[in-house]
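Notes follow the structure.
No value in this document is a laboratory result; all are computed from the given coordinates. The model shown is predicted, which means the values in this text are computed figures rather than measured ones. No Cβ is skipped: glycine too gets one built from the backbone with ideal geometry, and neighbour counts run over all protein chains shown.
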């Protein structure tokens, strides 16, 4: 009997020594795989994974199929910002604060951020309540400011001061409510720096927003650091606030905004995470110049112990065949003569086309390209065929006299194809005399358009 009682006490203690994270996705989501991460700097650290389970609930008297999931965190689990990911392909996730309490929430997986509701969690309930209140009052203030810019003759001074007072009141109310709580750090950092009086110049207004954007954010605050808050704000600042339709001006704004962020971020470890995050963002945008700038101006100056050589090599490799780069080198044999792309010197421009005799689309386009390029005396075509064997290619190139015909065996596993990130054929690159990539036409008609402009 004593042993049974001891066992029951032990089981009860273990049960109580855990925190429960419960989530409900409504409506039912297509995937049942759910992953829990902890946010640390600009990275997410894996904690656990589970499968959601289908359930039926009643909403407004109607049956609704939902997906429910649950995680257990041990008593010694670290407080901080956590993330539940339910769609790894399309970045489907929700973030929440964990500070030694059970948490229960529901959300629409299509609109997670806008729809999330907390039924259990003092921290998250208060933060959501605060965001709704501060956003509403800030919107009113911004509306008055915009009207003043659009119609300067209409006096808005009194309305602006009243709206500003309401914003400040809301901020103070929630700072008081959140004393001693984790959410207090986020409330302090969320408030925008508003001008004390109405601004009558659009340029002055925009300058003020940009200048004061990070004013209330403490980049040395470990609570903010270990959340998505600072990275989200950095993203907003660089990619949305500093925006221009003019490509030259946009590059200038990118460089200026990145420099400002780098000057604010003091912790070397966080700076490393931020740089790697920004490199990934610019790499996805194929912005070669910004990736180079981030590496040479900031990443290479970090302590050697923090630099990730493999990360740098992989990112530069992904951009090796982008516009502005010198085309990755390769060599080949024609007859008994050897050629190398980097030393080729028989034209002012080159059309490098990756194709295959097994590609029906190529067999249609290659003859058209051959006919079109016949009178382009200062341009040479380098036809790089991705083949499984030599036989079909050997016969076909008899029709392509005057071209540099290159055989690339192993098809998609061919080293040169990988260097050029070629995953489909035909695939075009136009190079100048120095083998710099000028443009990457998508279709044959784009190749023709390029040469018709010249």
Inset, instruction - At 0.36 nm per residue, minus the direct Cα-Cα distance, what do residue 377 and residue 101 gain on full extension? Give it in nm, one decimal, please. - result: 91.9 nm
Legend entry - Label-point separation in nm, residue 364 to residue 409, each point 7 Å along Cα→Cβ: 3.1 nm
Legend entry - In degrees, nearest ten, helix 268-284 long axis to first principal axis of the chain (Cα): 50 degrees
Inset, instruction - Return one quarter of the surface area of the convex hull spanned by the alpha-carbon atoms of region 17-120, equal to its mean projected area, in nm². - result: 6.8 nm²
Inset, instruction - Compute the convex hull volume of the Cα atoms of region 149-274, divide it by the residue count, and report the result per residue in Å³ as a whole number. - result: 113 Å³
Inset, instruction - Work out how much length residue 64 to residue 218 would gain on full extension: take 0.36 nm times their residue separation and subtract the Cα-Cα distance, in nm to one decimal. - result: 51.1 nm
Legend entry - With Cα atoms, 0 to 90° folded angle of helix 444-453 axis to the chain main axis: 70 degrees
Legend entry - Residues residue 150 and residue 256, FRET efficiency given R0 of 30 Å [Cβ-Cβ distance, rounded to 0.05]: 0.60
Inset, instruction - Return the distance in nm (one decimal) between the two label points of a simple spin-label model at residue 244 and residue 172, each offset 7 Å from Cα along Cα→Cβ. - result: 4.1 nm
Legend entry - Proportion of all alpha-carbon pairs of the chain beyond 27 Å (%): 68 percent
Legend entry - Nearest-0.05 FRET efficiency for residue 79 and residue 136, computed from C-beta distance (R0 35 Å): 0.75
Legend entry - Relative contact order %, the chain, counting alpha carbon pairs below 8 Å whose residues are six or more apart: 9 percent
Legend entry - Kirkwood hydrodynamic radius of region 121-200, from inverse mean 1/r over distinct Cα pairs, in Å: 13.4 Å
Legend entry - Cα long-axis angle, helix 2-16 against the chain (0 to 90 degrees, to the nearest 10): 70 degrees
Inset, instruction - Give the peptides 229-235, 49-55, 64-70 in descending order of average Cβ contacts within 10 Å, highest first. - result: 229-235, 64-70, 49-55
Legend entry - Fully extended contour minus Cα-Cα distance, from residue 161 to residue 310, at 0.36 nm per residue: 48.2 nm
Inset, instruction - Compute the distance in nm between two label points, each set 7 Å from the Cα along the Cα-to-Cβ direction, one at residue 300 and one at residue 280. - result: 2.4 nm
Legend entry - For peptides 362-373, 389-400, 270-281, sequence by mean Cβ density within 10 Å, most packed first: 270-281, 362-373, 389-400
Inset, instruction - Just round it to a whole percent: the fraction of Cα-Cα distances in region 63-139 exceeding 20 Å. - result: 39 percent
Legend entry - Whole-number percent relative contact order across region 331-453, with pairs defined as alpha carbons under 8 Å at least 6 apart: 30 percent
Inset, instruction - When you have a sec, figure out the Kirkwood radius of region 375-454 from all distinct Cα pair distances and drop it here in Å to one decimal? - result: 14.0 Å
